[in-house]
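Notes for the one structure printed next.
Where a number appears in this text, it was derived from the coordinates with a stated rule and is not lab data. Note that the coordinates shown come from a computational prediction; the quantities given were computed from them, not determined experimentally. For neighbour counting, all protein chains shown are included, and Cβ atoms are generated from backbone atoms with ideal geometry for every residue, glycine included.
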C-alpha cells in the first residue's frame, strides 16, 4: 500500500523517474485500477448535474423535433440503475481511451526509432494518467458539483468565457487542458528517462502525438455536434 501511495506521489513530484520506473517494471495494474475507480466515482457523483444539462442541450437542438413531448419531458430523469450503469460505462470507456492512447504513443515513438514494447508504453501512460484522469477528474467533478454545471474549464477556454462551446474555436482551445498538458509533459520526461533518449526528441514526438490526437478529437467533436443539430 505504501508503495502504491509513493508511486502516486512520485508521478506528481518526480514524474520522470516515476513514469520511467513504471515502464521499466511494466507496472500498470494499480494505476489502471485507480484511474478507472476515480472515473466511475466522479461520473456517479456528477451524474444528476450532467444528465439535466445534457437534456437541456438536446431540447435546444434540432434533435428535439424528432422526439415526442413525453420523451422530451423524460430526458433529465434517471433511475439508480441508470446512474450506476453510466458510471460503469465511463470506466469502460476510460479503459478503452488508455489502451488506444497508449497504442498511438507507442506507435509514434516506434516510428521515431525509440525502443520499447507496447506494455512498457501502456505502463507509462497508465502511471502518467494519474495526473489528468485522477487529479484532473477530481478537480473537474468538484467544480461541476459546486457550479451545478458540467461546463467547467481547466484550460485555455477559461480565458474566453464568451465562446460558445459548440464553436470550432472553443473545441480547438479545449484541447489545451492544463491537466492534459501536465500528463503529456510527464509522459515525455518518463519516456526520455526510460529509453535513454534526449528530452528534446521525446518532447518533439510527444508534441506530434498531441497534434494528431487533437486534430482527431476536434474533427469528431465538431462533426458530431453538427450531425446532432447542436
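Quickly estimate the mean residue ellipticity at 222 nm for the chain, helices only: each DSSP H run with n ≥ 4 gives -39500 (n - 2.57), and the total goes over all residues, rounded to 500.
Values: 10 runs with 167 residues, N = 230.
Calculated at 222 nm, the ellipticity per residue is -24500 deg cm²/dmol.
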>> Cut-off is 10 Å between beta-carbons; in what order do 160, 165, 179 appear when sorted fewest neighbours first?
In response: 160, 165, 179
> What is the mean projected area of the alpha carbon convex hull for the stretch 157-219, to one decimal in square nanometres?
Replying inline: 4.5
> With contacts defined as alpha carbon pairs under 8 Å and 6 or more residues apart, what's the relative contact order of the chain in percent?
Replying inline: 32
> Helix 137-147 versus the longest principal axis of the chain: what is the Cα-based angle in degrees, 0 to 90, to the nearest 10?
Replying inline: 30
>> Using only the alpha-carbon atoms, how far is helix 29-59 inclined from the longest principal axis of the chain? Give it as 0 to 90 degrees, nearest 10.
In response: 20
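Percent of Cα-Cα pairs more than 15 Å apart in the stretch 1-46, please. Spell out each step's value before the answer.
On the way: 513 of 1035 pairs.
I get 50 percent for the Cα pairs in the stretch 1-46 exceeding 15 Å.
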>> Counting other beta carbons within 10 Å of each residue's own, what order do 76, 164 fall into, fewest first?
In response: 164, 76
> Would you list 23, 158, 133 from fewest to most Cβ contacts within 10 Å?
Replying inline: 158, 133, 23
>> On the Cα set of the stretch 65-152, report Rg and Dmax in Å, please.
In response: 18.8, 58
>> Only Cα pairs within less than 10 Å get springs; with that Gaussian network setup on the chain, which residue of 214, 198, 90 has the largest fluctuation?
In response: 198
> How far is helix 15-24 tilted off the main Cα axis of the chain, in degrees rounded to 10, range 0 to 90?
Replying inline: 80
>> Please list, short to long, the whole-number percent of alpha-carbon pairs of the stretch 10-122 in consecutive 5 angstrom bins beginning at zero.
In response: 2, 10, 14, 14, 14, 11, 9, 8, 8, 6, 3, 0
> Based on the Cβ-Cβ distance of residue 200 and residue 147, what FRET efficiency does E = 1/(1 + (r/R0)^6) give at R0 = 30 Å, to the nearest 0.05?
Replying inline: 0.15
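What does the convex hull of the alpha-carbon atoms of the chain project to on average, in nm²? Display every interim value, and only then the final one.
Numbers: hull surface 54.2 nm².
Mean orientational projected area (the chain, Cα hull): 13.5 nm².
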> Normalised by the residues of the stretch 78-209, what does the relative contact order come to in percent, with Cα pairs under 8 Å and at least six apart?
Replying inline: 25
>> I want to verify a result. In a Gaussian network model of the chain, Cα cutoff 10 Å, which of these has the top mean-square fluctuation: 216, 49, 114?
In response: 216
